[in-house]
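K.L.:
Pasting a structure below so you can have a look.
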Amino acid sequence: MIRRIASELKSHAPFTALGAITGIIIMVIIVLGNVPAQISQAAFYTLHPLHVVLSALVTTAMYMRHSKGKLWAAILIGYTGSIGIATLSDAVIPYLGGAMLDIEMGFHMPFIETGKMPFIGIEKWQVVNSAALIGIAIGCWKHTTKVPHSGHVLLSTWASLFYFTAFGIAHWIPLLPLVFVFLFLAVWIPCCLSDIAFPLLFIRQVATGKDLTYNNQHH
């Protein structure tokens, strides 16, 4: 399992780096365009639920494709793998990154927040948790992971980026190299864990001896 995770991390590094570069470009546009923090907040609370949908879809589909586990197990794995790791990627790691850079940064966990979502006025926890259930339902219905994983990486990158600009106050341009590092780490390890390693841990338990070859269909 460790060897497989290392292989997946290595193969995903170039695309994750490309995603982080797109995030840096967006940050430069935000800074030079003097975009208000409210716009970044709206972008974060739009991208984060979309990230949760794709994360739940891929995690659930990975589990369902390679196991004969019960539906309740697929729901539990899809939920924890998406809500837990998407929160880690989009909010916790950017917050910790800001703290390490001595940036004044607010801490947010959207899946338990009761504030209203931008544009639609629905409570944030309802939207985020519903997004996880939608992804789980699609993953149970159609066991595909090819397109969603690429989208997952980009959405996670951009959500992490907008967390920085929505809830952090700093002179960003001199910090861009370090922001790149945190964007890369916020996506690289959590996304691979969510999409591949996390469901495989349970697949090994319910389908011992079964061929777990993934055939690189998540790229």
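FYI, it's all coordinate maths here, none of it is from the lab. Model, not experiment: these values are computed from the prediction. Every residue, glycine among them, receives a Cβ derived from its backbone with ideal geometry; neighbour counts consider all protein chains shown.
K.L.:
Tell me which chymotrypsin sites (Phe, Trp or Tyr not before Pro) from segment 50-137 have a DSSP coil assignment and no more than 10 other beta carbons within 10 Å of their own.
P.N.:
On the way: sites: Tyr63, Trp72, Tyr79, Tyr95, Phe107, Phe111, Phe119, Trp125; in loops: Phe107, Phe119.
The qualifying sites are Phe119.
K.L.:
Tell me, Asp90, Asp102 in order of fewest to most beta-carbon neighbours within 10 Å? Spell out each step's value before the answer.
P.N.:
Working: Asp90 31, Asp102 8.
Ranked by crowding around the Cβ, least crowded first: Asp102, Asp90.
K.L.:
Take Met109, Met62, Met100 and order them by how many other Cβ atoms sit within 10 Å, fewest up front.
P.N.:
On the way: Met109 15, Met62 30, Met100 10.
Ranking Met109, Met62, Met100 by Cβ neighbours within 10 Å, fewest first, gives Met100, Met109, Met62.
K.L.:
For segment 68-164, build the charge dipole from Cβ charges (+1 Lys, Arg; -1 Asp, Glu) around the Cα centre, then report which of Gly106, Thr80, Phe164 sits farthest towards its positive end.
P.N.:
Thr80
K.L.:
For segment 69-162, which GluC sites (Glu not before Pro) are both in a DSSP coil and crowded by at most 16 other Cβ atoms within 10 Å?
P.N.:
On the way: sites: Glu104, Glu113, Glu123; in loops: Glu113.
Sites meeting the loop and neighbour criteria: Glu113.
K.L.:
Which of His12, His51 has the fewest other C-beta atoms within 10 Å, and how do the rest follow up to the most? Present the calculation step by step, with values, prior to reporting the outcome.
P.N.:
Details: His12 22, His51 32.
Listed from fewest to most nearby Cβ atoms, that is His12, His51.
K.L.:
Next question. What list of ³J(HN,Hα) values in whole Hz, one per residue of segment 70-82 in order, does the Karplus curve 6.51 cos²θ - 1.76 cosθ + 1.60 (θ = phi - 60°) give from phi, with Gly and Pro shown as x?
P.N.:
Coupling constants for segment 70-82: 6, 4, 4, 5, 4, 5, 5, 5, x, 6, 5, x, 8 Hz.
K.L.:
For Ala170, list long-range residues whose amide hydrogen, built 1.01 Å from N in the peptide plane, is under 5 Å from its own amide hydrogen.
P.N.:
none
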